[in-house]
Each structure stands twice: as C-alpha cells, then as structure tokens.
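In what follows, a single structure is set out as structure tokens and then discussed.
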Amino acid sequence: MKYESVIKEAVDTTVLPLIPHLKSEPVSEIELSKKLKTDLNDIRNKLYKLADHNIVICSKKRDKIKGWYIYYWALNEKRLEELETLQLKSKIRAIEKELKHESSEQFYVCTNDCERLSFEDASSLNYECPECGQLLQIDDNSEKVKNLEIQKQNLMEKKKEMSI
C-alpha cells in the first residue's frame, strides 16, 4: 500500500484494513462493515480516527425509505501526499537537530554502559559514573554521526524524488 507508513505514523495500524476499500469510490460505513465483517461502531471509530487527520472525506445522503442519513467515505489522497511531505520534513529536521547535537558536543560514557553524559555533566561529576562509580571514557560517536548523515542523505534523496 502506497501510504501505509504515512497512515501508521499519523493514526495507527488498526485503520489499515479500511484503506483499500476507500480508494476507488465513496463507500458507506454499512458496506465497509459488511465487507470487513466488523462491527459498525468499530468501523465508525476507525473512520473518525482517519477523519481527525483529514485522510478521509465524508458525504451524506438521506435514505428515501427510512429517512436516515447514510454516510459515504472516500480516501483523501491529496491530504495523504501532504502528510507524507510533512512527516518527511519533520524527520529531516529531527535528524539535523540530533546531528548538530552529536557533532558539536563531546560525550562521556561509562565502561559498564550505565550512562552517557555531556562534557559539562561528566566534569561536574569528576568523570565518575553516577550509577556505579566507574571512570567515564570519551565516547567516540563518529559512527553515530556517520549513520545520522546517511539517514539524512537518504531522506533528502526521497525529498528530491518527491520534488518538494
């Protein structure tokens, strides 16, 4: 499914079974309930979760026989594209922030893997682990920085592919 990760991140995985049924044309919640063999209230709750993020569009029509409103739901693919863009930009900003933090500070770690402390915190503790009292060592975070740069590069390429 094209937008599975976007929907998972915005809502959750419980709504995913609805998505294939909402793609082609508007479908009533009653039809969805029958197709998925699920309680109508459960279907409605999932649709409302999607509606909270504008992932679905709803329209209503009056049933001529009973006089009740029947609600029809369809996928809002334009909103999914917007969400995908927003999520991607957010991930890039988070990685850039972490990359800046990891690149600009020096860290110290306990040899027993108890703590990882900034230079200021380590020096205030006389370079002793607050958990076990071991002497703290300088953390070589070059591998972490390298991995963050790779992640950022991959996201930037994806952003470029999406032509954002």
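The values are calculated or read from the model by the stated rules, or taken from the named source; none is laboratory data. Since the structure is predicted, the reported quantities are computational estimates derived from the model, not experimental observations. Heads up, the Cβs are rebuilt from the backbone with ideal geometry, glycines too, and the neighbour counts pull from every protein chain shown.
Annotation: of all residues in the stretch 29-49 being in contact (Cβ under 8 Å) with a residue 40 or more places away in the chain and under 22 Å from Glu4 (Cα atoms), the one that is surrounded by the fewest Cβ atoms within 10 Å (Cβ to Cβ) is Glu29.
Any residue at all in the stretch 119-139 that is closer than 30 Å to Val6 by Cα, touching a Leu at 6+ places or on another chain (Cβ under 7 Å), in contact (Cβ under 8 Å) with a residue 12 or more places away in the chain and surrounded by 13 or more Cβ atoms within 10 Å (Cβ to Cβ)? If you could, list the steps in order and put the result at the bottom.
Taking the stretch 119-139 as the starting set, the residues that turn out to be closer than 30 Å to Val6 by Cα are none.
Looking for residues that are closer than 30 Å to Val6 by Cα, touching a Leu at 6+ places or on another chain (Cβ under 7 Å), in contact (Cβ under 8 Å) with a residue 12 or more places away in the chain and surrounded by 13 or more Cβ atoms within 10 Å (Cβ to Cβ), one finds none in the stretch 119-139, hence no.
If the requirement is being of a type in the set (A, V, I, L, M) and over 27 Å from the mean Cα position of the chain (by Cα), which of these qualifies: Leu125, Leu80?
On the way: Leu80 fails: over 27 Å from the mean Cα position of the chain (by Cα).
Sole residue among the options that is of a type in the set (A, V, I, L, M) and over 27 Å from the mean Cα position of the chain (by Cα): Leu125.
Answer yes or no as to whether Leu16 is assigned to a helix (DSSP H, G or I) and surrounded by 17 or more Cβ atoms within 10 Å (Cβ to Cβ). Here the answer is no, as Leu16 does not meet what is asked.
Any residue at all in the stretch 98-113 that is closer than 30 Å to Ser5 by Cβ, surrounded by 13 or more Cβ atoms within 10 Å (Cβ to Cβ) and touching a strand residue (DSSP E or B) at 6+ places or on another chain (Cβ under 6 Å)? Taking every residue of the stretch 98-113 in turn, none turns out to be closer than 30 Å to Ser5 by Cβ, surrounded by 13 or more Cβ atoms within 10 Å (Cβ to Cβ) and touching a strand residue (DSSP E or B) at 6+ places or on another chain (Cβ under 6 Å). Considering the stretch 50-73, and only residues there that are hydrophobic (A, V, I, L, M, F, W, C) and over 28 Å from the mean Cα position of the chain (by Cα), the residue that is farthest from Ser5 (Cα to Cα) turns out to be Ile65.
Among the residues of the stretch 69-84, is any loosely packed, with under 13 Cβ neighbours inside 10 Å, among the aliphatic types (A, V, I, L, M), modelled with pLDDT under 95 and more than 30 Å from Asp140 (Cβ to Cβ)? It would help to see each step written out before you state the result.
From the stretch 69-84, those loosely packed, with under 13 Cβ neighbours inside 10 Å are 69, 78; that's our starting set.
Keeping just the survivors that are among the aliphatic types (A, V, I, L, M) gives none.
No, the stretch 69-84 contains no residue that is loosely packed, with under 13 Cβ neighbours inside 10 Å, among the aliphatic types (A, V, I, L, M), modelled with pLDDT under 95 and more than 30 Å from Asp140 (Cβ to Cβ).
In the stretch 151-164, which residues are in a loop (DSSP other than H, G, I, E, B) and within 20 Å of the chain's Cα centre (by Cα)? If the condition is that a residue be in a loop (DSSP other than H, G, I, E, B) and within 20 Å of the chain's Cα centre (by Cα), then Met162, Ile164 are the ones that fit.
Is it the case that Ser59 is small (Gly, Ala, Ser) and farther than 19 Å from Leu32 by Cβ?
Numbers: small (Gly, Ala, Ser): yes; farther than 19 Å from Leu32 by Cβ: no.
Taking the combined requirement at face value, the residue does not satisfy it.
If you go through the stretch 95-115 and keep only what is under 10 Å from Leu148 (Cα atoms) and of a type outside the set (D, E, K, R), you end up with Ile95, Leu99.
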